[in-house]
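**Student:** This is the structure I have questions about; it appears just below.
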Amino acid sequence: YDIKSCAIEKLTYLQLEGYEMSWANFNIVECMSMPWFGHRHVGYLAASQSFTKETDVILLTTHLFRKAFSPSSSDPHVMYETGAAISCLANIANKDLSMALLKDVYGMLNSSRPYTRKKAVLVLYKLFQAWPKALRLSFPRLREKLQDKDPSVRSAAVYVVCELARNNPKNYLSLAPEFFKILTSSSN
C-alpha cells in the first residue's frame with residue numbers, strides 16, 4: 001500500500017508541474033479505497049487535482065464517497081476524513097455523481113459536528129452547478145441552515161445563497177428577512 005500511495009503522491013506533484021497523469025486514474029481510485037486514512041487522503045488529493053468531469057472512473061468513486069460520508073467509527077477524527085472526501089467531491093462532481101450522492105450529503109446536513117455540516121452545505125453549491133434540479137430538491141434544507149446554531153454553518157449557507165443569487169437574484173428575495181435577522185443578531 002505504501003508504495004502505491006507514495007507513487008500517487010509523486011505523480012500528483014508532477015501533475016502540478018504540468019505532466020499528464022490521466023493514465024493513473026484507476027490507481028488513484030485504488031488509493032482512495034485503501035484502509036489507512038493517510039493513503040486515502042493522498043487519493044482524494046490526487047483525484048481533486050487530476051479528475052475532470054469526463055473522467056471515466058469517477059463513477060467508481062460513488063461507493064467510496066458513501067463510505068466516507070457515513071463513518072462507522074465514533075472516533076472524533078473521522079470528521080476530517082469526511083471533510084477530505086467532501087472537498088474531493090466538490091472538485092470532481094458531475095451530474096451522475098451529484099444525483100447519486102445528494103441523499104448522502106443531505107444526511108450530513110444533520111450531523112452533530114458543525115465542521116461536517118459546514119462542509120456539506122458548501123458542497124451543495126457544487127452539486128447544484130453539476131445538477132441544477134438538485135437545487136429545487138434541496139432548497140428547503142439549505143434554508144434551514146440559515147438558522148443553524150453554529151455561525152460557521154450559517155456563514156456557509158449565506159455564501160451558497162449569495163453565489164446562487166448572482167445568477168438569478170429574484171429567486172432569493174424571499175430570504176431577505178432571514179438575512180436581515182442574521183445581520184442584526186450577529187455578534188462578530
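**Student:** Can you give me the number of residues within the stretch 65-86 that are under 19 Å from Trp131 (Cβ atoms) and either surrounded by 18 or more Cβ atoms within 10 Å (Cβ to Cβ) or modelled with pLDDT under 90 (or both)?
**Tutor:** Pass one, the stretch 65-86, residues under 19 Å from Trp131 (Cβ atoms): 65-66, 69, 85-86.
Checking the rest, the ones that are also either surrounded by 18 or more Cβ atoms within 10 Å (Cβ to Cβ) or modelled with pLDDT under 90 (or both) come to 65, 69, 85-86.
Of the residues in that region, 4 qualify.
**Student:** Condition check: under 23 Å from Ser98 (Cβ atoms), part of a helix (DSSP H, G or I), in contact (Cβ under 8 Å) with a residue 40 or more places away in the chain and not charged (D, E, K, R). Does Leu60 satisfy that?
**Tutor:** Working: under 23 Å from Ser98 (Cβ atoms): yes; part of a helix (DSSP H, G or I): yes; in contact (Cβ under 8 Å) with a residue 40 or more places away in the chain: no; not charged (D, E, K, R): yes.
Answer is no for this residue.
**Student:** I'm told Ser48 meets every condition in (1) part of a helix (DSSP H, G or I); (2) exposed (fewer than 13 other Cβ atoms within 10 Å of the Cβ) except one. Can you identify the failing condition by its number?
**Tutor:** Every listed condition holds for Ser48 apart from (2).
**Student:** Could you look through the stretch 125-135, keep only residues that are in contact with a helix residue (DSSP H, G or I) (Cβ under 6 Å, 6 or more places away or on another chain) and assigned to a helix (DSSP H, G or I), and pick out the one that is most open to solvent (accessible area, probe 1.4 Å)?
**Tutor:** Of the residues in the stretch 125-135, the ones in contact with a helix residue (DSSP H, G or I) (Cβ under 6 Å, 6 or more places away or on another chain) are 125-128, 130-131, 134-135.
Checking which are assigned to a helix (DSSP H, G or I) leaves us with 125-128, 130, 134-135.
Numbers: Tyr125: 33, Lys126: 81, Leu127: 0, Phe128: 12, Ala130: 26, Ala134: 0, Leu135: 40 Å².
Among residues in the stretch 125-135 that are in contact with a helix residue (DSSP H, G or I) (Cβ under 6 Å, 6 or more places away or on another chain) and assigned to a helix (DSSP H, G or I), the one most open to solvent (accessible area, probe 1.4 Å) is Lys126.
**Student:** Within the stretch 13-33, which residues are open to solvent by 10 Å² or more (accessible area, probe 1.4 Å) and either among the aliphatic types (A, V, I, L, M) or touching a residue at least 24 places away in the same chain (Cβ under 8 Å) (or both)? Spell out the reasoning first.
**Tutor:** We begin by selecting, within the stretch 13-33, every residue open to solvent by 10 Å² or more (accessible area, probe 1.4 Å); these are 13-20, 22-23, 25-27, 29-30, 33.
Residues satisfying the conditions are Leu14, Gln15, Leu16, Ser22, Asn25, Phe26, Val29, Glu30, Ser33.
**Student:** Okay, next question. Mind telling me which of the residues Tyr115, Tyr172 ends up being out of contact with any strand residue (DSSP E or B) (no Cβ under 9 Å at 6 or more places or on another chain) and either under 17 Å from Gly83 (Cα atoms) or not in a helix (DSSP H, G or I) (or both)? Talk me through it step by step, then tell me what you get.
**Tutor:** Working: Tyr172 fails: either under 17 Å from Gly83 (Cα atoms) or not in a helix (DSSP H, G or I) (or both).
Exactly one residue qualifies, and that residue is Tyr115.
**Student:** When you check Trp36 against the structure, is it without any contact (Cβ under 8 Å) to a residue 24 or more places away in the chain and either of a type outside the set (Lys, Arg) or out of contact with any Pro (no Cβ under 6 Å at 6 or more places or on another chain) (or both), yes or no? Spell out the reasoning first.
**Tutor:** Details: without any contact (Cβ under 8 Å) to a residue 24 or more places away in the chain: no; either of a type outside the set (Lys, Arg) or out of contact with any Pro (no Cβ under 6 Å at 6 or more places or on another chain) (or both): yes.
The answer is no for Trp36.
**Student:** Mind telling me which of the residues Leu102, Leu183 ends up being more than 20 Å from the chain's Cα centre (by Cα) and among the hydrophobic types (A, V, I, L, M, F, W, C)? Outline the logic, then answer.
**Tutor:** Values: Leu102 fails: more than 20 Å from the chain's Cα centre (by Cα).
It is Leu183.
**Student:** Looking at Ser185, Ser152, which one is open to solvent by 20 Å² or more (accessible area, probe 1.4 Å), on the phi < 0 side of the Ramachandran plot and touching a Pro at 6+ places or on another chain (Cβ under 7 Å)?
**Tutor:** Details: Ser185 fails: touching a Pro at 6+ places or on another chain (Cβ under 7 Å).
Result of the check over Ser185, Ser152: Ser152.
**Student:** Moving on to the next point. Could you say which residue among Ser152, Ser138 is under 25 Å from Pro76 (Cβ atoms) and in a helix (DSSP H, G or I)? Don't jump to the end; show me each part of the working.
**Tutor:** Numbers: Ser138 fails: under 25 Å from Pro76 (Cβ atoms).
When all the criteria are applied, what remains is Ser152.
The values are calculated or read from the model by the stated rules, or taken from the named source; none is laboratory data. Just so we're clear, the structure is a prediction, and the values are computed from it rather than from any experiment. All Cβ positions, even for glycine, are placed from backbone atoms using ideal geometry, and neighbour counts span all protein chains on display. With ligands, DNA and RNA removed, areas are computed over all heavy atoms of the protein, side chains included. Shrake-Rupley method; radii C 1.70, N 1.55, O 1.52, S 1.80 Å.
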